[in-house]
Amino acid sequence: MVFSTRIRDFGFAFYILLSRGDHLSFKTTPMSLVRTFSMMLDEIDFLGTYVKPYYLTTEDDRSFFLFPLPAFFILGLFMVLMPILILNLLIALAVGDIESVRRNAQLKRLAMQVLLRTYRIYKLCNRVNVYKSAHMYKSTH
């Protein structure tokens with residue numbers, strides 16, 4: 001859920017900033033969203049998408065930036081925020097998993113304590129029975 005809103009927001013921002021140049025991956029809104037998702041998976045293509053069009057500024061080159069500073073600003077935000085969100089999500093998943101493991105460990109510990117106490121009671125009862133049997137045997141003989 002968190003990623004879908006961020007991908008949508010960054011995808012629309014990249015579409016607005018880069019659709020006027022000859023960037024095939026940002027020409028349409030759906031393609032821009034797919035490209036943003038791909039960028040989230042570490043396929044930014046920094047040279048081909050950002051550096052080369054920054055230096056090719058004529059309209060004859062057809063691959064240019066109309067708004068270079070906002071584009072680099074949004075790219076910088078994307079490069080900082082997305083890894084932080086991914087790591088936070090992974091940490092949250094790990095912590096949630098640790099909590100369930102801890103709960104299961106507590107239940108197993110309680111079960112082991114019950115088994116240990118049951119075993120001790122069984123052994124104690126056997127000792128008492130053996131003791132009683134031994135005293136009864138001595139008293140009769």
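The values are calculated or read from the model by the stated rules, or taken from the named source; none is laboratory data. Model, not experiment: these values are computed from the prediction. Positions of Cβ are generated from backbone atoms using ideal geometry, with glycine treated the same way; all protein chains shown enter the neighbour counts.
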*What number goes with the only condition from (1) more than 31 Å from the chain's Cα centre (by Cα); (2) modelled with pLDDT under 85; (3) assigned to a helix (DSSP H, G or I) that Ala92 does not pass?*
(1)
_When you check Leu87 against the structure, is it surrounded by 12 or more Cβ atoms within 10 Å (Cβ to Cβ), closer than 18 Å to Met39 by Cα and modelled with pLDDT of 75 or more, yes or no?_
no
*Mind checking which residues of the range 18-47 are farther than 23 Å from Val80 by Cβ, modelled with pLDDT of 80 or more and surrounded by 12 or more Cβ atoms within 10 Å (Cβ to Cβ)?*
Ser19, Lys27, Thr28, Thr29, Met31
*Among the candidates Tyr54, Tyr15, Tyr50, which residue alone is buried (at least 19 other Cβ atoms within 10 Å of the Cβ), part of a helix (DSSP H, G or I) and among the hydroxyl-bearing types (Ser, Thr, Tyr)?*
Tyr15
*Any residue in the range 95-108 that is in contact (Cβ under 8 Å) with a residue 24 or more places away in the chain and in a helix (DSSP H, G or I)?*
no
*What is the one condition in (1) under 17 Å from the mean Cα position of the chain (by Cα); (2) without any contact (Cβ under 8 Å) to a residue 60 or more places away in the chain that Leu85 does not satisfy?*
(2)
